[in-house]
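S.K.: Pasting in a structure now, in structure tokens, and then I'll have a few things to ask.
The values are calculated or read from the model by the stated rules, or taken from the named source; none is laboratory data. Keep in mind the model is a prediction, meaning the values are calculated, not measured. Don't worry about glycine lacking a Cβ; one is built from the backbone with ideal geometry, like all the others, and counts go over all protein chains shown.
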Ligand code: F0G
């Protein structure tokens with residue numbers, strides 16, 4: 001008998017969330033300059049802005065909070081976290097940071113110089129931001145299949161080896177200080193990278209003597225997909241898969257706010273002592289002493305526990321099943337979503353959903369705003385606004401995909417919430433022909449504009 005999926009936990013504490021009316025939401029989103037980041041959390045009913053730092057900690061993690069050692073140097077909590085990171089990644093050297101982009105800031109200060117080229121699979125925006133801020137260039141080598149939202153491919157986060165090798169041969173190899181593999185690939189839709197691809201990329205990089213770094217924000221979810229979709233790994237534990245994956249690389253940065261199952265924190269883990277030695281100077285300047293790096297002792301303790309919980313098969317199965325359930329339900333309603341459904345989020349394909357809105361009027365943003373007004377659900381645009389302007393021409397970069405991401409926080413919302421979200425989208429989809437006008441930018445920042453952009457309705 002095959003029983004339906006159910007969560008491998010029960011709820012010990014609840015947090016109320018506020019409902020509101022369409023009229024209230026119309027007023028609030030206008031006051032927020034049509035930027036969903038500007039809404040107050042109490043103006044949102046179901047918050048799918050991000051799965052970053054928004055999940056629920058376990059009783060064991062909360063217990064660890066009480067055991068936190070807040071010594072400035074050499075705390076027990078640091079040791080716990082260092083041991084967990086080494087046990088999971090195999091990397092000898094560890095630096096805590098306050099979040100993922102801080103890890104990028106420290107590591108890239110060490111590795112990236114003006115004119116450098118850093119290939120990868122659709123770098124996350126802060127990763128690209130930290131490269132471009134140092135006048136480097138991030139080159140996307142993701143496989144073409146990733147850009148067709150209807151096409152089924154089990155590992156749409158994979159790197160195209162030909163594209164990667166072309167970067168190595170078209171440029172002086174000293175200009176390529178490293179490559180970044182993002183697992184799972186957030187920008188490509190939360191899509192995993194296969195072990196076969198990671199291994200092949202690592203072998204190619206060895207030939208050219210280019211180090212491989214992982215952006216490991218959602219590495220546990222990636223390892224779960226490898227177990228489920230790659231025959232050779234079906235009998236391995238998620239932890240064993242993670243160990244093999246990290247062995248193909250030279251180090252990683254991680255936003256612990258995802259698969260660390262904590263609300264704040266970041267990790268740098270490295271094989272090479274020299275890189276570590278160079279990085280700690282920046283860590284001390286930007287983050288704090290090397291045994292806390294912007295984190296409280298108690299938070300390091302909770303992260304040490306969270307890292308292990310995130311590798312548990314039952315947890316991952318329920319996490320991924322919940323996201324898949326939402327995506328498949330929408331797919332059944334005919335709502336265009338990216339397929340296969342990613343690990344942490346369901347992505348609406350705005351090019352197919354609202355082709356009636358011109359792309360110059362930010363159609364994915366328009367769809368995200370509509371979802372908020374209709375149902376109080378906050379998603380996020382992963383489209384032209386996020387893609388920003390070309391640093392040289394200052395022209396808008398129109399990405400192949402115009403998406404709205406509905407990111408599901410970990411261990412936070414119930415099955416009924418998923419039903420509510422899917423029904424709201426069905427309603428919007430059924431009346432999509434009425435959508436004609438989008439938005440225009442009134443003000444934007446020179447870099448990473450999506451957080452603070454101000455828009456007006458056309
Ligand atoms: N790398 C990836 C793949 C990410 O998804 C993020 C953050 C970061 C790095 C930066 O980490 O936020 O801790 O500084 N992603 C969040 C998101 C913000 O909503 O997807 P951070």
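S.K.: Conditions: (1) surrounded by fewer than 19 Cβ atoms within 10 Å (Cβ to Cβ); (2) in contact with a helix residue (DSSP H, G or I) (Cβ under 9 Å, 6 or more places away or on another chain); (3) in a loop (DSSP other than H, G, I, E, B). Residue 52 meets all but one. Number of the miss?
M.R.: Unmet condition: (1).
S.K.: Need the failing condition index for residue 150 against (1) surrounded by fewer than 15 Cβ atoms within 10 Å (Cβ to Cβ); (2) in contact with a strand residue (DSSP E or B) (Cβ under 7 Å, 6 or more places away or on another chain), just the number.
M.R.: Unmet condition: (2).
S.K.: Looking only at the range 258-280, filter to residues that are assigned to a loop (DSSP other than H, G, I, E, B) and touching a helix residue (DSSP H, G or I) at 6+ places or on another chain (Cβ under 7 Å); which one of those is nearest to residue 130 (Cα to Cα)? I'd like the intermediate steps shown before the answer.
M.R.: Going residue by residue through the range 258-280, those that are assigned to a loop (DSSP other than H, G, I, E, B) are 258-265, 271-272.
Cutting the leftovers down to touching a helix residue (DSSP H, G or I) at 6+ places or on another chain (Cβ under 7 Å) gives us 259-262, 264-265.
Details: 259: 22, 260: 22, 261: 24, 262: 23, 264: 19, 265: 18 Å.
Result: 265.
S.K.: On to the next question. Mind checking which residues of the range 368-388 are within 18 Å of residue 187 (Cβ to Cβ) and in contact (Cβ under 8 Å) with a residue 60 or more places away in the chain? Before you say what the answer is, go through the steps one by one.
M.R.: In the first step, residues of the range 368-388 are kept if they are within 18 Å of residue 187 (Cβ to Cβ); the result is 368, 379-388.
Selection gives 368, 379, 380, 381, 382, 385, 386, 388.
S.K.: While we're looking at this one, here's another question. Would you confirm whether or not the range 230-246 contains a residue that is part of a loop (DSSP other than H, G, I, E, B), within 16 Å of the ligand (Cβ to nearest atom) and in contact with a strand residue (DSSP E or B) (Cβ under 9 Å, 6 or more places away or on another chain)? Even if it seems obvious, please write down each step before you answer.
M.R.: To start, the set of residues in the range 230-246 that are part of a loop (DSSP other than H, G, I, E, B) comprises 230, 234-237.
Keeping just the survivors that are within 16 Å of the ligand (Cβ to nearest atom) gives none.
Within the range 230-246 (the criterion being part of a loop (DSSP other than H, G, I, E, B), within 16 Å of the ligand (Cβ to nearest atom) and in contact with a strand residue (DSSP E or B) (Cβ under 9 Å, 6 or more places away or on another chain)), the answer is no, since none of the residues qualifies.
S.K.: Tell me, which helices (runs of 4 or more DSSP H) lie completely within the range 66-182 with 3 or more residues that are touching a residue at least 40 places away in the same chain (Cβ under 8 Å), within 29 Å of residue 307 (Cβ to Cβ) and over 22 Å from the mean Cα position of the chain (by Cα)?
M.R.: Working: elements: 76-89, 100-111, 125-133, 161-170.
Those helices (runs of 4 or more DSSP H) span 76-89.
S.K.: Based on this model, can you work out whether residue 189 counts as free of Cβ contacts under 8 Å to residues at least 60 places away in the same chain, within 16 Å of the ligand (Cβ to nearest atom) and not in a helix (DSSP H, G or I)? Spell out how you get there, then give the answer.
M.R.: Numbers: free of Cβ contacts under 8 Å to residues at least 60 places away in the same chain: no; within 16 Å of the ligand (Cβ to nearest atom): yes; not in a helix (DSSP H, G or I): yes.
No.
S.K.: I've got another one for you. Would you call residue 319 within 16 Å of the ligand (Cβ to nearest atom), modelled with pLDDT of 95 or more and within 24 Å of the chain's Cα centre (by Cα)? Give the steps one after another, and end with the answer.
M.R.: Numbers: within 16 Å of the ligand (Cβ to nearest atom): yes; modelled with pLDDT of 95 or more: yes; within 24 Å of the chain's Cα centre (by Cα): yes.
Against the criterion (within 16 Å of the ligand (Cβ to nearest atom), modelled with pLDDT of 95 or more and within 24 Å of the chain's Cα centre (by Cα)), residue 319 qualifies.
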